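Shown next, in structure tokens, is the structure this report addresses.
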Amino acid sequence: MVRDPVYLSLLGNDPAPAYLGLKMVEQRARGVARAIFYTLRVWNEAYKAKRCALFALLEEKGIPFEDRPLSEAAIEEEDAEEAWVNLTGGDKFNAVRLLGHWRRPGARVFLLEGHRLLEAPKALFLWPEEEVLSLEAEALTLEEYARLYLEPLGETWEEAPPPPAFPSGARAARLPQRGGGLFVVYRGQPYWFKPFLGDEREEMHREAIAHFAKEARELGGQLCLPVVPYHKARLRSYHPNEQDNVLSRWHTWAEENGVRLVTPRAPLEREVASLPQENLPPKPLPPPRGPVLLALVSEQATPLYGAYLYARPQEVYLLTTPEMADRLGWAEAFFRDKGTQVRSGRLSGPWALWEVRDLLAPVVEEALRQGHPVHANLNGGTHAMAMGLYLALKEGARAHYLERDRLCFLDGAEAPVPWGQGRPQDLLALRGYRLKESFPSLQPNPEVLTVAEEILRRWDEVQASWETSPLVDRFFSLLAQRFGQRFSPNERGSLKGLPLEYAVYAHLQAHLASRGGVAVMGGHVVPLKGNAALDDQLTEVDGLALYGGALWLVECKPDARQLKRRARIMENLVNSVGGSHAKGLMVARSWKGSSPPQGSNLVYMAFEAGEGVFRFPQDLDKALERP
């Protein structure tokens, strides 16, 4: 007697892919004997509630299930004649690692993808046959999304007419607690839609766009697409010559957060037609001639840079989708500037698993035949693209995944990244920026630091007599003697903050130099071609640092009041320039009064520290710890 198959699924903090995979297996295999979920750690109560909702649905369906730790995912199910394995949940590293394990007789291994506007989710079968199936028939309904996401969050909902922009067949739920938004399900794909963010006559701020994207992930998981029309009334208030730049900046902020910024009152089918179309498959890549790094370009720049520092390749092969064309261009320019040969290709789309494999497999084979090292970074691209990269590898090639500040290899080994050999300017370049340095010749010097710190100790006195102070004259004379950096008397008047900035830089560099990090003096962050994320007037930083794989932007002010006034600008600058893992180091000479705000991407320090503020430089180890 043939038993019903066992369903095995990775389960992160997003229940929809696991449940969708189960529905597909029930439909295709005409039943499931039991379900086994290999789970990651629950991060918070909201994730726990969603997971409980998933298990409650399974109990109602009468499907026996088990919840096992991820560490047991490679254990054989000896009594299973047939196993259907869903690798969608969790990170790419574990998915790739387990693909290698489950490619065996009796297993059907697949991956779910669903990030294209107005398209139904797809199943990409990796083993034993290779095929792509639309899951529109099995896809989740509005009621199922409500059970798995809305109700566990405590949301009240009622069905409402869908927005006119959506095609016929869409269903929507009004969420009174969310202020005017509609949760929409179309062809099994969830959307979080708002007619505008706040008021159509107001500016579209980056933090509002980021909050909207966060709401979408809370309400519908990673497959939920946030959709909002741009503020047409606000755009029209700008001069006609400025409107293109403003709209480009809004689109850049939206793309950074995975938000679909659409034309007001236009059908979404028209938006789909205007998106980058799938290209023809790229031509075969040239054969390698030296050590090789293979990577997929996406919004993450740090893994690609860490892989470069570790592997130091002579040639780098980069693949990406049409949506990431600008980032591919920045990466190509970066590697060429380093003297590294760049080979690149634009894939037909994010589903291009076998396209990635077929393009890179000959490169890997030829490099290994010639005896060259082959390294592959698995962080970038979609899950499907990372799977394709893994399938292109042969014995002798090493695949890795950047986890925090270290590389994790598929064989269980780990290796530190030599971040101390890097430069924060390099990460800027990979993210589409360059630093126009204000003081390029300045370096740490104990004599200059001593004078700068004396100015900080006698701050009020020195500031009141800046033009005539012997201490100020001594400071600028040393800059000229030690570094050839000369300033006229008129220029000195606008540089009252330079002693503070120099003291912060000198201490930060001394601290990082022995810990595998590096700091530089500041200047203006200048967007490269194709990057419209910044306002020109908001680009100044007092320093940059690279430590443990994280980019830090430094801001220095004399007191807490001035530092707090700069906080919002710095939060936006850190998000734009450094991305989600970057931080801002906010340093005051003296901090008095209330504690700084909590929960932002900024860390506060002061030479004379107050409540809730780290002491500079004594507490740098604590301040620079990554959460």
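The values are calculated or read from the model by the stated rules, or taken from the named source; none is laboratory data. The model shown is predicted, which means the values in this text are computed figures rather than measured ones. For neighbour counting, all protein chains shown are included, and Cβ atoms are generated from backbone atoms with ideal geometry for every residue, glycine included. Heads up: the accessible areas ignore ligands, DNA and RNA and are worked out on the full protein's heavy atoms, side chains in. Shrake-Rupley method; radii C 1.70, N 1.55, O 1.52, S 1.80 Å.
The number of residues in the range 307-318 that are surrounded by 24 or more Cβ atoms within 10 Å (Cβ to Cβ) and touching a helix residue (DSSP H, G or I) at 6+ places or on another chain (Cβ under 8 Å) comes to 3. Among the residues of the range 269-295, write down those that are under 26 Å from the mean Cα position of the chain (by Cα) and modelled with pLDDT of 85 or more. Across the range 269-295, the qualifying residues are Val292, Leu293, Leu294, Ala295.
Yes/no per residue for (1) within 23 Å of Met521 (Cα to Cα); (2) in a helix (DSSP H, G or I); (3) touching a His at 6+ places or on another chain (Cβ under 8 Å):
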site	(1), (2), (3)
His375	no, no, yes
Gly388	no, yes, no
Cys408	no, no, yes
Asp426	yes, yes, no
Arg434	yes, no, no
Leu456	yes, yes, no
Thr468	no, no, no
Leu471	yes, yes, no
Leu478	yes, yes, no
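Being free of Cβ contacts under 8 Å to residues at least 60 places away in the same chain and outside any helix (DSSP H, G or I), is that true of even one residue in the range 292-311? Within the range 292-311, none of the residues are free of Cβ contacts under 8 Å to residues at least 60 places away in the same chain and outside any helix (DSSP H, G or I).
Here Arg626 passes the criteria (1) open to solvent by 20 Å² or more (accessible area, probe 1.4 Å); (2) under 21 Å from Ala513 (Cα atoms); (3) modelled with pLDDT of 90 or more except the one numbered (3).
Evaluated against (1) over 14 Å from Leu111 (Cα atoms); (2) modelled with pLDDT of 90 or more, Glu78 falls short on exactly one condition, (2). Taking residues in the range 500-515 that are open to solvent by less than 10 Å² (accessible area, probe 1.4 Å), and partners anywhere that are assigned to a helix (DSSP H, G or I), the pairs with Cβ atoms closer than 6 Å and at least 6 places apart or on different chains are Tyr502/Ala452; Ala503/Ala452; Ala503/Glu453; Ala506/Leu449.
Can you name the number of the only condition in (1) surrounded by 19 or more Cβ atoms within 10 Å (Cβ to Cβ); (2) modelled with pLDDT under 95; (3) in contact with a Gly (Cβ under 9 Å, 6 or more places away or on another chain) that Gly221 fails? If we test Gly221 against (1) surrounded by 19 or more Cβ atoms within 10 Å (Cβ to Cβ); (2) modelled with pLDDT under 95; (3) in contact with a Gly (Cβ under 9 Å, 6 or more places away or on another chain), just (3) comes out false. Pairs are defined by a Cβ separation below 6 Å, a sequence spacing of at least 6 or placement on different chains, a first member in the range 39-60 that is surrounded by 13 or more Cβ atoms within 10 Å (Cβ to Cβ), and a second member that is polar (S, T, N, Q); the pairs so defined are Tyr47/Asn13. Hey, among Thr340, Thr302, Thr263, Thr321, which residue is open to solvent by less than 50 Å² (accessible area, probe 1.4 Å) and more than 17 Å from the chain's Cα centre (by Cα)? Checking each option against the conditions leaves just Thr340.
Suppose we filter Leu563, Leu573, Leu512, Leu585 for residues that are in a strand (DSSP E or B), of a type outside the set (Ser, Thr, Tyr) and at pLDDT 85 or above; which single one remains?
Numbers: Leu563 fails: in a strand (DSSP E or B); Leu573 fails: in a strand (DSSP E or B); Leu512 fails: in a strand (DSSP E or B).
The match here is Leu585.
Of the candidates Pro373, Pro416, the single residue that is more than 20 Å from Gly516 (Cβ to Cβ) and surrounded by fewer than 24 Cβ atoms within 10 Å (Cβ to Cβ) is Pro373. The residue pairs whose first member lies in the range 232-244 and is touching a residue at least 24 places away in the same chain (Cβ under 8 Å), whose second member is of a type outside the set (Asp, Glu) and open to solvent by less than 50 Å² (accessible area, probe 1.4 Å), and whose beta carbons are closer than 8 Å, counting only pairs six or more residues apart or on different chains, are Lys232/Pro264; Arg234/Met204. Residues of the range 400-413 that are touching a residue at least 40 places away in the same chain (Cβ under 8 Å), among the hydrophobic types (A, V, I, L, M, F, W, C) and open to solvent by 10 Å² or more (accessible area, probe 1.4 Å): Leu402, Cys408, Leu410.
For the range 162-186, name all the residues that are open to solvent by 30 Å² or more (accessible area, probe 1.4 Å) and either among the aliphatic types (A, V, I, L, M) or more than 16 Å from Thr141 (Cα to Cα) (or both). Steps first, answer last, please.
Looking only at the range 162-186, we keep the residues that are open to solvent by 30 Å² or more (accessible area, probe 1.4 Å), and these are 162, 164, 168-169, 171, 174, 176-180, 186.
The answer is Pro164, Pro176, Gln177, Arg178, Gly179, Gly180.
Is it true that some residue in the range 224-236 is open to solvent by less than 40 Å² (accessible area, probe 1.4 Å), in a helix (DSSP H, G or I) and within 28 Å of Leu111 (Cα to Cα)? No.
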